[in-house]
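Since the structure comes first, as structure tokens, the remarks are kept for the end.
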Amino acid sequence: MGQQRGIRAAGSRQARAGCGESAFTLFELLVVCALISVMLAVAAPTLKNSLLTDPLKTSSRQVIGLIKAVREKAVRDQQAYIITFDLSENRIWFRQESAIEVEEPDEVKAEALQLAQPIRIVDIWTRSAGTMAEGQPQLWVSRQGYIDETMIHLENDDDEVLSMLFSPFLGNVRITDSYVEME
């Protein structure tokens, strides 16, 4: 019986020794997890920007942001503003209504929103003027921040269209992933 205990004890030591040689230690696993975490922290923003960013949606957010900012500025300054859309160059800028109109002053060029290259403004519809598909249509913003009901259509090189409908009195914008024609 004593001999059997000795054999069992020796066998269990061999089993433990064999198991320890082929397994990872807790420290090794923690180091690997830490390295993976660092790599993900560095790579995730780059992947997000390159894989998940849609230029059409980015441009629409920029247009919406500019129009909302001008509406807020009109209320804050108690001044009417004019937003100009250059359909041939895909640029948008604004100026005070009372400002003397100059062809294209340097300040306007510097502050103009230039849409990303594959994106273009197809047309702009307003309730008062109808559809404008060329030239430099303008959108008047009152001192209270009110605008005419406006639909702006953006398009990319893949013929994907995004329609943005701006509410006249509220800051609401309804976005549709297709061309929406207004009456």
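Length available on full extension from VAL38 to ASP54: 0.36 nm per residue minus the Cα-Cα distance, which gives 3.1 nm. Remark: segment 77-83, residue by residue, has Karplus-estimated 3J(HN,Hα) of 8, 6, 10, 7, 10, 10, 9 Hz, where x stands for each Gly or Pro and the curve is 6.51 cos²θ - 1.76 cosθ + 1.60 at θ = phi - 60°. Whole-Hz Karplus values for segment 138-152 come out as 10, 10, 8, 10, 6, 4, 8, x, 7, 10, 5, 4, 9, 10, 10 Hz, taken residue by residue from phi with 6.51 cos²θ - 1.76 cosθ + 1.60 and θ = phi - 60°; glycine and proline positions read x.
Only the coordinates and a few stated rules stand behind these numbers; no lab work does. Small disclaimer: the values here were computed from a predicted structure and weren't measured.
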